[in-house]
Each structure stands twice: as structure tokens, then as C-alpha cells.
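What follows is a set of notes on a single structure, which appears directly below.
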Amino acid sequence: MTFQESIQVCFKKYADFNGRASRSEYWWFALFAFLVSILLSASGAGLISGLFSLATLVPSLAVGVRRLHDLGKSGWFLLIALIPLIGALILIYWFIQPSTDSNQFGEPAEG
């Protein structure tokens, strides 16, 4: 999946917490959100930066849950991020893992 396809899919599935997301879909969308946030913050557009963060909150959560589904894990594991530092490290470790074969969440995601 390309950078542009990933962004389109994530916004198309804005609040879709079902199914699976490939590694490339997750990481391209994360890169997009990170780069735009940095650019908006650096330009001094604080209000626009905050609005962008709010606009991408739900799709970021949704793609994170779908990525966990791709690994055969419940989306509720996303709450591990609430544990300072260690939670984020665990999620990063999981998110870089390759997709599993078919599981209860469906067939492997393309990309």
C-alpha cells in the first residue's frame, strides 16, 4: 500500500474499528499525521494544528485497532498506551510485527 492509498483508506474508514490494517497502512498514516502535525506546529498555526489533531484522532484510533486485529489481538489492547512509556513501547513492538494468517478478524489485509 502506498502513502496516498493509506491516507485515503484511513479517512474512508474514518470510524471503522472492524477488520484488519496492514503494517504499511498503519505506518504510512502515522507518518502522515506526524508530518502534518509538525508542519502545522512549526508554522505557528496552533488552532489549525489542534483542529487537525482532533480530526485525525478517530481515524488514528481506528487504524490502531485494525492493526491490532491484524495481529490477532483485541482492539482493547490499544489502552496499553495509557501506561507511561512502557505501554507505547509495547504497542510499537506489536505494530512492527508481520501480519498473522487468517484469524477471527478476517483474512490478512492487503498491502
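The values are calculated or read from the model by the stated rules, or taken from the named source; none is laboratory data. Just so it is clear, the structure is predicted and the values come from calculations on it, not from any experiment. With ideal geometry, Cβ positions are generated from the backbone for all residues, glycine too; neighbour counts draw on all protein chains shown.
For region 55-67, the criterion of being in contact with a Lys or Arg (Cβ under 8 Å, 6 or more places away or on another chain) and over 14 Å from residue 7 (Cα atoms) is met by at least one residue. Here residue 44 fulfils each of the conditions (1) within 23 Å of residue 94 (Cβ to Cβ); (2) in a loop (DSSP other than H, G, I, E, B); (3) of a type outside the set (Asp, Glu) apart from (1). Just so you know, in region 49-106 the residues that are without any contact (Cβ under 8 Å) to a residue 24 or more places away in the chain and of a type in the set (S, T, N, Q) include one that is nearest to residue 17 (Cα to Cα), and it is 74. Scanning region 61-104 for residues that are out of contact with any helix residue (DSSP H, G or I) (no Cβ under 6 Å at 6 or more places or on another chain), within 20 Å of residue 35 (Cα to Cα) and buried (at least 17 other Cβ atoms within 10 Å of the Cβ) turns up just one, 62. Go through region 1-41 and report how many residues are in a loop (DSSP other than H, G, I, E, B) and either under 14 Å from the mean Cα position of the chain (by Cα) or crowded, with 18+ Cβ neighbours inside 10 Å (or both). Count: 11.
Close contacts from region 13-29, counting a first residue that is under 16 Å from residue 75 (Cβ atoms) and of a type in the set (Lys, Arg) and a second that is at pLDDT below 95 and part of a loop (DSSP other than H, G, I, E, B), with Cβ to Cβ under 7 Å and a gap of 6+ residues or different chains, come to 20/105; 20/108; 20/109.
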